Amino acid sequence: MAPELSTRDSVRAKKMADIIADRIRQQIARGELTEGDWLPTEPELMERFEVSRPTLREALRLLEADSLVRIRRGPPGGARVHIPGPEAAAPIFGLLLTLNGTTVHDVYGAQAVIEPPAVRKLAELGSDLDHDALERAAERVAMALQGDNVPFGLATVRFHQRLVELAGNQTLSLVIALLGEVMSRHLSAAYAESRLSPIELASRNRRALRAYQKLVRLVRSRDGEAAEAFWIEHMRAARGYLFKDARAAHKQVIDILR
């Protein structure tokens, strides 16, 4: 019969699993391991780190919980590197907003602060390729307009995210992606609960598309001041549509993350 592990042994094993997980995280962060790379086999990793199979597997479970690896179980099994997107942080971000009693209106207000300066930067400093990419995002909104309303709403959220990404600030890009996750759920709920007729909804969607297309033209003209001013006005008008119902404006994030 195998000897029972003492509390000290359990703590030591857990700490070693953390150390191994940290080392692999660092390799991923430094680019030594990239998307799709397979980690060495279990025997190779056990030999490299001089640990038992249970300790190694605990380290891999920690990495899997961080969405940094995907584990394929059963022969031939293994762990493959996965670089997570902002959606991986969305649950904890949503929880923090919820704990602070944040409203959807407040989330939109944050977007309204971030996006106009990003639009100006994209217009003045963005490359022609960046401007092409923004136009493609507008084209995807146009394509979504041919379908039902929920995909259209999601396409508009992606357009807002894309213009910040193309402005070149990685930190703000991640922030706007997290905010976009909240707004996309709000839009889905708003479309589902809307009392507008299909004709009225289609008219509103076409107005939004025309605004995106105008923004693309202003950005291409490299008139940063005009592009920023236009986007401020557009987001102010859109706020009225999104939160026409006062109850929707004060709906807390927790209500749409359920």
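Observations on the structure shown:
- Normalising the average separation of contacting C-alpha pairs (under 8 angstrom, six or more residues apart) by the number of residues puts the relative contact order of region 57-122 at 17 percent.
- A 1.4 Å probe over all protein chains sorts I92, I19, I71, I24 by accessible area into I92, I19, I71, I24, starting with the largest.
- In this Cβ point-charge picture (+1 for Lys and Arg, -1 for Asp and Glu), region 56-157 has a dipole of about 680 debye about its Cα centre.
- Note on surface exposure: W38, W231 rank W38, W231 by accessible area, highest first, 1.4 Å probe.
- The Cβ shell under 11 Å around V141 holds other residues with a net charge of +4, Lys and Arg each +1, Asp and Glu each -1.
- Each of E87 and K244 was given a label point 7 Å from its Cα along the Cα-to-Cβ line. The distance between the two points is 3.0 nm.
- Where trypsin sites (Lys or Arg not before Pro) fall in DSSP loop in region 16-97, at most 11 other Cβ within 10 Å: R30, R73
- Between E32 and N169, the C-beta separation translates, for a Förster distance of 30 Å, into a calculated FRET efficiency of about 0.70.
- Contact order relative to length of region 75-221, as percent, for alpha carbon pairs under 8 angstrom and 6 or more apart: 35 percent
- A Förster radius of 25 Å, combined with the Cβ-Cβ distance separating E47 from R70, puts the computed FRET efficiency at roughly 0.60.
- With the simple spin-label model, which puts each label point 7 Å out from Cα in the Cβ direction, the Q213 to A226 separation comes to 1.7 nm.
The values are calculated or read from the model by the stated rules, or taken from the named source; none is laboratory data. Small disclaimer: the values here were computed from a predicted structure and weren't measured. When we count neighbours, we look across all protein chains shown, and the Cβ atoms used for this are built from the backbone with ideal geometry, even at glycine. Ligands, DNA and RNA are stripped out before the accessible areas are found, and what is left, the full protein with its side chains, is counted by its heavy atoms. Shrake-Rupley method; radii C 1.70, N 1.55, O 1.52, S 1.80 Å.
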